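Worksheet: the structure to be examined is printed underneath.
The values are calculated or read from the model by the stated rules, or taken from the named source; none is laboratory data. None of these values were measured; they are calculated from a predicted model. Don't worry about glycine lacking a Cβ; one is built from the backbone with ideal geometry, like all the others, and counts go over all protein chains shown.
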Number of protein chains: 2
Amino acid sequence: MKNTKISNAVIKRLPRYRRYLIELRKKGVEKISSKEFSTLIGYTASQIRQDLNNFGGFGQQGYGYSVDSLYDEISAILGLDKEYKMVIIGAGNLGHAIAKYMQSSKQAFRVYGAFDINPALIGTELEGIPIMDYENIVEYVEKEKISIGIICVGGDTAQEVADKLSFAGVKGIWNFAPTDIEVPKHVALENVQLSDSLHSLAYHMNDIHKKTDR
Amino acid sequence: MKNTKISNAVIKRLPRYRRYLIELRKKGVEKISSKEFSTLIGYTASQIRQDLNNFGGFGQQGYGYSVDSLYDEISAILGLDKEYKMVIIGAGNLGHAIAKYMQSSKQAFRVYGAFDINPALIGTELEGIPIMDYENIVEYVEKEKISIGIICVGGDTAQEVADKLSFAGVKGIWNFAPTDIEVPKHVALENVQLSDSLHSLAYHMNDIHKKTDR
């Protein structure tokens, strides 16, 4: 694998390639040309070749890509051949929703514990996951070698939680709090702003509505 | 309000402006200059002025923006002064997670019903929302004037569900299925690919790790 800097745009497309490869595997397809892949995924064939060349390129002239190899390679590039131990911070509705969602995740991501400051919740369970006292989160993350913290608290405490998680040594933060947070350089951050997405949807619904005059 | 075409990039930033305005309102701040806003939100002051000028501009030279007015205007532009009736399709873990999440939504978005094909689920409830037979979805959407369908089914049936929702007359689709779907031009679409986001996070964690050689 080449070790040059890969652009964020390419990285963003990799999970999508992978999803299509999963579908192809399900259908028993063993190889695919960049042209066929293009028809399926909607990127141009040259874009696909260029994207995959970033990783050394696994295609063979006149043969195409082996679906299995490409799937394995992309999975490895994304780091999905490893295991990630996660904790959820905030055991309210949002934390509950994410715990529920993670149950459907068959991959290498597993939630080991949840944390809250509410005494009524501490000691209970969130979808089978123990809810612990937020006071003890640093100790737990260090001891259990937790690599990802999922922030499900309100906007006003999200930064404080991110600081604590970074201090405790997580390598990544998946932020669902409706706010922007900052993390040290050695911590990866991914934001999911569900309400922003819903508000964009509302805008586009009204925009279409205006245009079609309905 | 000007009625010119606003770029998608600007639209994407509006929910974020709105979030910061909510925080400012909470703190009792009544007015803010584009420079102060810039420090807070991280866009340049000129970017902020340019963005808000798209909507006719509510700022006054030497005074700045009224936090309340700006909040109201952006909310109206996003269509958040209206009410949206929603249904969830797919009452499994993902649908359950979204139903749970929507409970924490205090806004104009409310889920009225859920639909599934599983006879064991039909007639039961999802976080207090009745689960109905997917067979009857078109009739329900028409009768109850549902405007948004939330797709929480697996990737292999998501397109079929989107087609049915579009036929039934929804104006927007919020897609959580791990697949890309197509909708007619008169239907707005917003995708939330949670697994793509998680996979991006994994990539960046490993990328940082590689660089820092830890």
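Do we find that A:ILE11 is more than 23 Å from B:ASP156 (Cβ to Cβ), free of Cβ contacts under 8 Å to residues at least 60 places away in the same chain, buried (at least 17 other Cβ atoms within 10 Å of the Cβ) and among the β-branched types (Val, Ile, Thr) in this structure? Considered against the rule, which asks whether it is more than 23 Å from B:ASP156 (Cβ to Cβ), free of Cβ contacts under 8 Å to residues at least 60 places away in the same chain, buried (at least 17 other Cβ atoms within 10 Å of the Cβ) and among the β-branched types (Val, Ile, Thr), A:ILE11 comes out as yes. Among the criteria (1) of a type outside the set (Phe, Trp, Tyr); (2) surrounded by fewer than 23 Cβ atoms within 10 Å (Cβ to Cβ); (3) farther than 18 Å from A:LYS164 by Cβ, the one A:GLY113 does not fulfil is (3).
Here's the yes/no breakdown for (1) touching a Lys or Arg at 6+ places or on another chain (Cβ under 8 Å); (2) assigned to a helix (DSSP H, G or I); (3) not assigned by TED's automatic domain parsing to the domain that holds B:ARG18:
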position: B:ASP51; (1), (2), (3): yes, yes, no
position: B:LEU70; (1), (2), (3): no, yes, no
position: B:ILE88; (1), (2), (3): no, no, yes
position: B:ILE98; (1), (2), (3): no, yes, yes
position: B:MET102; (1), (2), (3): yes, yes, yes
position: B:GLY113; (1), (2), (3): no, no, yes
position: B:ILE131; (1), (2), (3): no, no, yes
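Whether a residue is of a type outside the set (A, V, I, L, M, F, W, C), under 20 Å from the mean Cα position of the chain (by Cα) and either buried (at least 16 other Cβ atoms within 10 Å of the Cβ) or at the interface with another protein chain (Cβ under 7 Å from one of its Cβ atoms) (or both) was assessed, and A:ASN206 does not pass this test. Would it be correct to say that A:GLY64 is surrounded by 15 or more Cβ atoms within 10 Å (Cβ to Cβ), closer than 30 Å to B:GLU182 by Cβ and either touching a residue at least 24 places away in the same chain (Cβ under 8 Å) or facing chain B (nearest Cβ under 9 Å) (or both)? For A:GLY64, the condition - surrounded by 15 or more Cβ atoms within 10 Å (Cβ to Cβ), closer than 30 Å to B:GLU182 by Cβ and either touching a residue at least 24 places away in the same chain (Cβ under 8 Å) or facing chain B (nearest Cβ under 9 Å) (or both) - is met. Of everything in region A:164-192, what is more than 7 Å from every other protein chain (Cβ to nearest Cβ), in a loop (DSSP other than H, G, I, E, B) and out of contact with any Asp or Glu (no Cβ under 8 Å at 6 or more places or on another chain)? Give them in sequence order. Answer for region A:164-192, where residues must be more than 7 Å from every other protein chain (Cβ to nearest Cβ), in a loop (DSSP other than H, G, I, E, B) and out of contact with any Asp or Glu (no Cβ under 8 Å at 6 or more places or on another chain): A:VAL170, A:PHE176, A:ALA177, A:ASP180, A:ILE181, A:GLU182, A:VAL183, A:PRO184, A:LYS185, A:VAL187. In region B:68-90, the residues that are at positive phi form Cβ pairs under 7 Å with partners that are part of a helix (DSSP H, G or I), at six or more places apart or across chains, as follows: B:GLY79/A:ALA202; B:GLY79/A:TYR203; B:GLY79/A:MET205; B:GLY79/A:ASN206. Taking the numbered list (1) at pLDDT below 95; (2) charged (D, E, K, R); (3) at positive phi in turn, A:ASP196 passes all entries but (3). Set side by side, the residues B:VAL161, B:VAL183 differ, and just one is buried (at least 16 other Cβ atoms within 10 Å of the Cβ) and touching a residue at least 40 places away in the same chain (Cβ under 8 Å), which is B:VAL161.
Restricting the first member to region B:123-152 and to residues that are farther than 27 Å from A:ASN206 by Cα and polar (S, T, N, Q), and the second to residues that are outside any loop (DSSP other than H, G, I, E, B) and modelled with pLDDT of 95 or more, the beta-carbon pairs closer than 7 Å and six or more apart or on different chains are B:THR124/B:ILE131. The lone criterion from (1) modelled with pLDDT under 90; (2) at positive phi left unmet by A:SER104 is number (2).
Could you grab me the full set of residues in region A:125-134 that are under 18 Å from A:GLN103 (Cα atoms) and either of a type in the set (Ser, Thr, Tyr) or out of contact with any strand residue (DSSP E or B) (no Cβ under 9 Å at 6 or more places or on another chain) (or both)? Correct list: A:GLY128 only. One residue stands out among those in region A:142-158 that are over 25 Å from B:ARG19 (Cα atoms) and within 11 Å of chain B (Cβ to nearest Cβ): the one that is surrounded by the most Cβ atoms within 10 Å (Cβ to Cβ), which is A:ILE148. Of the residues screened, B:LYS210 is not one that is of a type outside the set (Gly, Ala, Ser) and assigned by TED's automatic domain parsing to the domain that holds B:ALA91. Within region B:152-204, track down each residue that is over 19 Å from A:LYS12 (Cα atoms) and among the acidic types (Asp, Glu). Matches in region B:152-204: B:ASP156, B:GLU160, B:ASP163, B:GLU182.
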